[in-house]
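Trainee: Below are the C-alpha cells for one structure; questions will follow.
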Amino acid sequence: MNQDGSFEHIHGLAFDTLAVRAGQRRTDEQEHGDPIFPTSSFVYASAAEAASKFAGDEPGNIYSRFTNPTVQAFERRLAAMEGGERCVATSSGMAAILSTALALLETGDEIVASRSLFGSTVSLFDKYLGKFGITTRYVELGNLDDWAAAITPKTRLLFAETPSNPMSEVVDIAQLATLAKRHDAWLAIDNCFLTPALQRPLDLGADLVIHSATKYLDGQGRAIGGAVVGRDKELEEVFGVVRTCGPCLSPFNAWIFLKGLETLGIRMKAHSENAMRLAQWLDTHPAVARVHYSGLESHPQHELASRQQRGFGAVLGVEIEGGREGAWAVIDATQLMSITGNLGDVKTTITHPATTTHGRLSDEQKAAAGITEGLVRIAVGLEDTDDLKADLSRGLDSLV
C-alpha cells in the first residue's frame, strides 16, 4: 500500500484484486470502506490556494461537477480494470457516448458504426449529431470489408457494440483497430455487455471503451451512470466536455458503482454460466426458432468470441415462433422474470426489443439490425436456472 492508502502504483495485481482495491485513497480518518463525498463544493485555506486550484496550478477539488473524490475513485478503479490510462465518468451511458462525440468530432466529420447498435445510440447519431453536420454510415458489424468500404477521408470515429444488443453479434476488435489506425480514426467499443471482467478492448487495440455503468458495473439495477476509458490525451477532451457541459456522475451513484465493481468478476462468471445453461435449453425447445448467443457452438462467430472474450455474457436474443403474438405470449406468461427494458441486474429481465429498446427505429433499421417481431431479449440474472426454465416453459409450451 502507498502512503496515501492507495494501490495505484502496485504493478501486477490481478483483475479481481483491482476490482476490490484500486482507486481508493484513504482520508485522514483511515476508513476501510470507500468514503462518499456528497458535497457540491470545497473550501480553501486562503484566497491564494483557491486561485491556484482554479487556475490548475495546484491539484485539488474545485466543484463536484468535475472534481469529486468519490467519482474520481470510481474512475481510477474502472481505468485500472480496463487497462486504460484514464477514465471519465458521466451521468449515463448515453452521456458517455455524447461526451465522446462532442470531444473528438466537429462539423463535417463522419462516423462509421455497426447497424446493430442500441436504439438510442442510433437516434443520437442520426437526429442530434446529424443536426450539427456529423454524418454516420452504418455497416454490418462482423463484416470488415463493409467497414473498410464505408470509410472516407472524413471518417474520424469507428463505433461498435460487441457483442451486439440483442443479437450477440461479434466483431474482430483487433482487426477493426488496425483498420481504424490505417485511416487515422479512433475506435470506440461499447463494452457494457461484457465489462472488463470478460473483455478488454484496449488490450486488443481499441482507443476508447464506453460503458453504461447502469448495467453490469452496478449489477443490481440501482443507479444510472456511464464512463469512457482510454488514453489521457483523448480523455482530457472528454473531461473538458463533462466539466463545461455538465453531464456528470453524482457522488452517490459513483459510490454504488464502486461497490458493484468489487464483485464484478464473480458476478459476470455466474451470469455467463447461467446464460449458457438457459441458451442450451432454449435451443432445443420446439417453440424457439433460434437462439442468438455467441456461447453456442452454432453461433457463426463462436470461435472469434471464444478467442477475444473470457466469457460470453448474459444476454440472449431468442426468436420465438409465431412473431409478435408468440413473443408477447411468452413474456406475459412469465411470473418470475422482470418485464423491463433494463439489463445487467442480478434479477433476470425480459423484453420485446421491437417495441421497447429498439422501438424508435424505422422498420428498415430494425430489419437491418435483425430486430424481428418474434425476437425476445433475455438478460439472464443469478436466479436458479431451473426456476428460469420453468418460468419460460409456461409461455413456450403453450405455443407448441
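The values are calculated or read from the model by the stated rules, or taken from the named source; none is laboratory data. Please read these numbers as outputs of a predicted model, since none were measured by experiment. Because the Cβ atoms are built from the backbone with ideal geometry, glycine has one as well, and the counts that use them run over all protein chains shown. Accessible surface is based on the protein model in full, side chains and every heavy atom, while ligands, DNA and RNA are left aside. Shrake-Rupley method; radii C 1.70, N 1.55, O 1.52, S 1.80 Å.
Trainee: Rounded to a whole number, what % of the accessible area of the stretch 133-195 do carbon and sulfur atoms account for, probe 1.4 Å?
Mentor: 48
Trainee: No solvent, one uniform scatterer per C-alpha: report log10 I(q)/I(0) for the stretch 177-312 via the Debye equation at q = 0.16, 0.22 1/Å, two decimals.
Mentor: Log-scaled intensity ratios, in q order: -0.96, -1.33.
Trainee: Give me the number: length gained by fully extending E236 to E297, i.e. 0.36 nm times residue separation minus the C-alpha to C-alpha distance, one decimal in nm.
Mentor: Result for the pair: 17.8 nm of gain on full extension.
Trainee: Another question, if that's okay. Please build a GNM for the chain, connecting alpha carbons under 10 Å apart, and tell me which residue among N143, N274, N165 fluctuates the most.
Mentor: Evaluated over the chain, the most mobile residue of the options is N143.
Trainee: Okay, moving on. Send over a whole-number figure in Å² for the accessible area per residue of the stretch 206-329, probe 1.4 Å.
Mentor: Heavy-atom SASA per residue in the stretch 206-329 reads 39 Å².
Trainee: Starting from the Cα gyration tensor of the stretch 256-390, take the square roots of the eigenvalues, sort them a ≥ b ≥ c, and report rounded, prolate or oblate (rounded when a/c is under 1.5, otherwise prolate if a/b is larger than b/c, else oblate).
Mentor: rounded
Trainee: A follow-up question, please. Mind ranking 50-57, 319-326 by how tightly packed they are, going by the mean number of other C-beta atoms within 10 angstrom, highest first?
Mentor: So the peptides 50-57, 319-326, ranked by packing, come out 319-326, 50-57.
Trainee: Does the stretch 143-182 classify as rounded, prolate or oblate by the C-alpha gyration tensor (a ≥ b ≥ c root eigenvalues; a/c under 1.5 gives rounded; else a/b over b/c gives prolate, otherwise oblate)?
Mentor: Since a/c reaches 1.5 and a/b is larger than b/c, the shape of the stretch 143-182 is classed as prolate.
Trainee: Can you tell which of S123, A45, V88 lies farthest toward the positive end of the dipole of the stretch 1-139, using +1 and -1 charges on the Cβ of basic and acidic side chains (Lys, Arg; Asp, Glu)?
Mentor: S123
Trainee: Still on this model: Averaged per residue, what accessible surface does the stretch 353-400 expose to a 1.4 Å probe, in Å²?
Mentor: 43
Trainee: Counting Lys and Arg as +1 and Asp and Glu as -1, what is the net charge of the other residues whose Cβ lies under 14 Å from the Cβ of Q220?
Mentor: Net local charge, Q220 excluded: +1.
Trainee: With each pseudo-label sitting 7 Å past Cα toward Cβ, what's the L204-R243 distance in nm, one decimal?
Mentor: 3.3
Trainee: While we're looking at this one, here's another question. Once you order the gyration tensor axes a ≥ b ≥ c over the Cα atoms, which shape class does the stretch 202-266 get: rounded for a/c under 1.5, otherwise prolate or oblate by comparing a/b with b/c?
Mentor: oblate
Trainee: Pick from S272, S92, S306: which is most flexible by mean-square fluctuation in a GNM of the chain where alpha carbon atoms under 10 Å apart are linked?
Mentor: In the Gaussian network model the winner is S306.
Trainee: Counting only protein heavy atoms and using a 1.4 Å probe, what share of the accessible area of the stretch 334-400 belongs to carbon plus sulfur, as a whole percent?
Mentor: Within the stretch 334-400, the accessible surface is 48 percent carbon and sulfur.
Trainee: Run the accessible area of the stretch 255-328 with a 1.4 Å probe and give the carbon-and-sulfur part as a rounded percent.
Mentor: On the stretch 255-328, the fraction of accessible area on carbon and sulfur atoms equals 53 percent.
Trainee: Right, another one. Please give the calculated 222 nm ellipticity per residue for the chain, where each DSSP H segment of at least 4 residues contributes -39500 (n - 2.57) and the sum is spread over every residue; nearest 500 deg cm²/dmol?
Mentor: Taken over the chain, the calculation gives -11000 deg cm²/dmol.
Trainee: Which of these values of Kirkwood radius over Cα pairs in Å was calculated from the structure shown: (1) 22.6; (2) 21.8; (3) 21.1?
Mentor: Given (1) 22.6; (2) 21.8; (3) 21.1, the structure-derived one carries the label (2).
Trainee: Further, regarding this structure: Per residue, what accessible area does the stretch 1-137 have, given a 1.4 Å probe and all protein chains present, in Å²?
Mentor: Per residue, the stretch 1-137 has 49 Å² of solvent-accessible surface.
Trainee: Another question, then. Which peptide among 78-87, 294-303 comes first, and what is the full order, when sorted by highest mean count of other Cβ atoms within 10 Å?
Mentor: Top to bottom by mean Cβ count within 10 Å: 78-87, 294-303.
Trainee: State the answer as a single residue: which of L198, A185, A329 lies farthest towards the positive end of the charge dipole of the chain, with beta carbon charges of +1 for Lys and Arg and -1 for Asp and Glu, about the Cα centre.
Mentor: Working it through, the farthest residue towards the positive pole turns out to be A185.
Trainee: Take peptides 364-372, 345-353 and line them up by average Cβ neighbours within 10 Å, highest first, as a rough protection proxy.
Mentor: For the peptides 364-372, 345-353, the packing ranking is 345-353, 364-372.
Trainee: Please compute the net charge surrounding A379, taking Lys and Arg as +1 and Asp and Glu as -1 over other residues with Cβ under 10 Å from its Cβ.
Mentor: Around A379, the surrounding residues sum to +2.
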